[in-house]
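No value in this document is a laboratory result; all are computed from the given coordinates. Being a predicted model, the structure only gives us computed values, none of them experimental. Every residue, glycine among them, receives a Cβ derived from its backbone with ideal geometry; neighbour counts consider all protein chains shown.
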Amino acid sequence: MQPEPPRRILVVDDDPTVTEVVTGYLERAGFLVDTAADGRAALACAAAGRPGLVVLDLMLPGLDGIEVCRALRREEPAPAVIMLTALGEEEDRVLGLEVGADDYVTKPFSPRELVLRVEAVLRRRVAAAVGSGAGALLRAGDLVVDAAARRARKGGQELALTLREFDLLVHFMRHPGQAVSREGLLRAVWGWEFGDLSTVTVHARRLRTKIEDDPADPRLIRTVWGVGYRFDASPQKG
């Protein structure tokens, strides 16, 4: 039987109106909600409450959302993170994804949409933890992935992958040699029917930095121009 998603959420925003509205919608959806108004308070609340997910504003006094996200990613287990960013700040959204945010929502946003995003991220996390496809190891050169245990190693060294990076890698390795579009990856890995395709691009780039011998000349995750990516399970040198 599949476990229920964690129901404790931490909302971090220095705007009390945003915090109040988001908290109300999340509580009506059945979540337990803690709140914090700055980065240091957020980390203290996360350590004490162990939330399953953090709704995290990028612009916070003192310790900003990027630093908070980095710190949360070092926790074990690390909570999921949905970053709140200003409309049009693409660089901020990309940076949030690069430091490990699972999703982002741009301000101003619909509280109902945010609740749906929270539920989708938590469902995805539970499904990933349960795993599909028992036990068999996935291999590509010196890269070895145990999908059931959610562990990846390269050259015998364990890789520090975020939730989405791991899911993307598993999807690639389960479909070697296939050209897959960014839209297809967004549906298969993120569970989104529509969304910003730069999300996929950023995660593929970050994954390359962790699994490729030379990220500037990738041999595993190949770009297929005009389509998306192809994973080569038997990379050729030179």
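Using a 10 angstrom cutoff on alpha carbons, build the Gaussian network for the chain and name the most mobile of A147, A44, A36.
Taking springs between Cα atoms under 10 Å, the residue moving most is A44.
7 Å from Cα along Cα→Cβ at both D217 and D146: what's the point-to-point distance in nm?
Those two pseudo-labels are separated by 3.4 nm.
Over all Cα pairs of the chain, how is the pair count split among 5 Å bins, expressed in % and running from 0 up to the last occupied bin?
1, 6, 14, 18, 19, 16, 12, 8, 5, 1, 0, 0
For the range 8-130, what's the radius of gyration and Dmax over Cα atoms, in angstrom?
For the range 8-130, the Cα radius of gyration and maximum Cα-Cα distance read 12.9, 37 Å.
With a 10 Å cut-off between alpha carbons and a GNM built on the chain, which of D214, D38, D64 moves the most?
D214
Among R219, R174, R74, which one moves the most in a GNM of the chain with springs linking Cα atoms closer than 10 Å?
Of the options given, R74 has the highest mean-square fluctuation.
Check every DSSP H run in the chain and write down those whose alpha carbon atoms cover 27 angstrom or more along the long axis and whose mean Kyte-Doolittle hydropathy is -0.5 or greater.
Qualifying helices, which must be both long enough and hydrophobic enough, are 111-130.
Multiply the residue gap between A233 and H175 by 0.36 nm, knock off their C-alpha separation, and tell me the result in nm, one decimal place.
That works out to 20.0 nm of additional length.
What share of the DSSP beta bridges in the chain is antiparallel, in percent to the nearest 5?
Here the share of antiparallel DSSP bridges comes out near 45 percent.
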